[in-house]
Amino acid sequence: MNAGKSTEDDATTASDPGIISGGRQSVHGHITIDREVTSQPTCFAHPNRGSAPASGLATVPCHGISRPASAWMLLAGISVLAGWLGWNYGRQNTIRVRVTGPSMAPTLLGEHYLADCTRCDHRGIAIDASSDEPLPTTVPCTLCGGTLSVDLETVHAGDVVEVQPGMNRREIKAGQLIAIRSEADSPIRVKRLVAMPGQIVDQVDGRLTVDGERIEDRLACDSLSQHPRLLVADSNRRAASSQNPIWTPLADSREGWRRSDDGNWSTTTSAPAQWMVYQHVNVYENNHPSAVLDEYPYNASLRRRLQNADRLGVTAELETTGPVRVEIAYWLPDQIVVDTQTYDRSQTIGSCTATAISPRGDIKATNQLSETKRLSEAKQLSDSTQMLNELQTIVSPTAPVAIRIRPAAEHSKPKESVSLSEIKIWKSINYRLRRTDKRSPYPLMLADDQYFVLGDNVPVSIDSRDHGPVDRDQIIGLIKLRE
């Protein structure tokens, strides 16, 4: 499992667990493209004789060539055109490949088993099947602490993705999944691009940053990254397992939060605004209160020392009879942040620490403000300060998230009925150095043609932490996830 006091994963092996293979057959991670190779039309222009056919190639007539300089100019132009046609053809002909190994989980899976939890009915949990280490006798469900039933008789093949070749420099962006190859005869690997030429990669207490910002925060705000994350808690799963609720209202109230038998929570805007707090427990230690940790259910056979994971998010299904304001507070080691959003209809809601704004930091009074607005913002600042003072006693490392519902505006309808279901807590992938990784290369400024890449399965991936940045000419193309 992902716990214990043994050393970190061995990152010195010769082969990368992120190798991908595809086509009809694969030998040692190399790929065979499952499509025919076709020649492209070209033109061979001889400097003295106009045009002449090149053996085995289609020809295009070249008339009116009388001088060597003109011939060479035409040859150069045609070469550029042929190169562009080939590049454009390659862009339109993707390579389908299959993922092997665990280095990109949970975003992309290699060979894996599937497991189910009979206690909370969480099904289809993927577990790495490529590890040489045996699975422990019991594998706990990270949602409820029950024991997983792992089907060891069936090994499921890895995900199939498409490589879009022919990327130009302007198309390469941080957050993308890319295919890379270090040498012409080396295997293709898939990694996440996290830093671009000219940017500075550094580490703070082992956590990796780009230009002073944590990588997971940058990816959470970036639509290109699909925000890699792992499920921490599901209110419905815990309800199904007959455990104590993971969400707890601060005080009992007839008009406050109420929990139904199926795990849904309801309240009204006429009730006093009441915080409902998420209580986290460690399933590896008899469900004792704990900070959220960076375990990967996929790495069930890996033993390592777990680290705190403090970048969280919330999704839920909101049902409301009218506009309401949803406030979600997050505890962070250095501050408390609150994400406030107004919803006027029933819908799926989403929030995360990276997009949350500290109420105090969101208030900016200037001399140009009207007196009315200045007074309004002064009241907001006072309310925000009061909220933050209140939250100091509510959220903590073991209770890192709190939710409350308020009227959308001061003069809103006096009573809106609200319910929340399928409340899920997520944690962002924490991109960090392992205990065996060297700290000396950081800070690292990337050169004009260098890119920093990482695997989403941070504990086991072999990437730029091991071999340094990759060069532009090592990038084969963009990974397209198949729908």
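The values are calculated or read from the model by the stated rules, or taken from the named source; none is laboratory data. Model, not experiment: these values are computed from the prediction. For neighbour counting, all protein chains shown are included, and Cβ atoms are generated from backbone atoms with ideal geometry for every residue, glycine included.
Output yes when any residue across segment 157-171 is touching a Pro at 6+ places or on another chain (Cβ under 9 Å), surrounded by 17 or more Cβ atoms within 10 Å (Cβ to Cβ) and outside the structural domain of V292 (by TED's automatic domain parsing), and no when none is.
Taking every residue of segment 157-171 in turn, none turns out to be touching a Pro at 6+ places or on another chain (Cβ under 9 Å), surrounded by 17 or more Cβ atoms within 10 Å (Cβ to Cβ) and outside the structural domain of V292 (by TED's automatic domain parsing).
Return the residues of segment 387-400 that are β-branched (V, I, T) and more than 13 Å from V281 (Cα to Cα); say none if nothing qualifies.
Listed by number, the residues that qualify are T393, I394, V395.
For segment 174-221, give me each residue that is crowded, with 23+ Cβ neighbours inside 10 Å, touching a Leu at 6+ places or on another chain (Cβ under 8 Å) and more than 21 Å from D448 (Cα to Cα).
Correct list: V190 only.
Quick grid of which residues meet (1) over 17 Å from the mean Cα position of the chain (by Cα); (2) under 18 Å from Q164 (Cα atoms); (3) not β-branched (V, I, T):
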| position | (1), (2), (3) |
| --- | --- |
| P443 | yes, no, yes |
| D449 | yes, no, yes |
| N457 | no, no, yes |
| I462 | yes, no, no |
| I476 | yes, yes, no |
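Report, by residue number, each residue of segment 137-181 that is closer than 30 Å to G198 by Cβ and outside any strand (DSSP E or B).
Hits for segment 137-181 are G166, M167, N168, R169, R170, E171, I172, K173, A174, G175, Q176, R181.
How about segment 122-131: which of its residues are without any contact (Cβ under 8 Å) to a residue 40 or more places away in the chain and farther than 14 Å from V155 by Cβ? Walk me through it before giving the result.
Keep residues of segment 122-131 that are without any contact (Cβ under 8 Å) to a residue 40 or more places away in the chain, which gives 123-124, 129.
Hits for segment 122-131 are R123, G124.
Please count how many residues of segment 459-469 are among the aliphatic types (A, V, I, L, M) and surrounded by fewer than 22 Cβ atoms within 10 Å (Cβ to Cβ).
0
Suppose we filter R434, R472 for residues that are among the basic types (K, R), in contact with a Pro (Cβ under 9 Å, 6 or more places away or on another chain) and crowded, with 17+ Cβ neighbours inside 10 Å; which single one remains?
R434
Sort out for me the strands (runs of 3 or more DSSP E) sitting completely within segment 382-481 that have 2 or more residues that are farther than 30 Å from E317 by Cβ and at pLDDT 95 or above.
Of the strands (runs of 3 or more DSSP E) lying wholly inside segment 382-481, those with at least 2 residues that are farther than 30 Å from E317 by Cβ and at pLDDT 95 or above span 450-454.
Just checking, how many residues over segment 340-381 are small (G, A, S), at pLDDT 75 or above and over 16 Å from V314 (Cβ atoms)?
Looking only at that region, the number is 1.
Quick one: which residue in A82, A76, A69 is assigned to a helix (DSSP H, G or I), in contact with a Ser or Thr (Cβ under 6 Å, 6 or more places away or on another chain) and modelled with pLDDT under 85?
Only one candidate qualifies: A82.
I'm checking my understanding of the structure. Among residues of segment 92-136 that are small (G, A, S) and part of a strand (DSSP E or B), which one is surrounded by the most Cβ atoms within 10 Å (Cβ to Cβ)?
A115
Checking A273 against (1) of a type in the set (A, V, I, L, M); (2) under 17 Å from the mean Cα position of the chain (by Cα); (3) closer than 24 Å to A251 by Cα, which single condition isn't satisfied?
(2)
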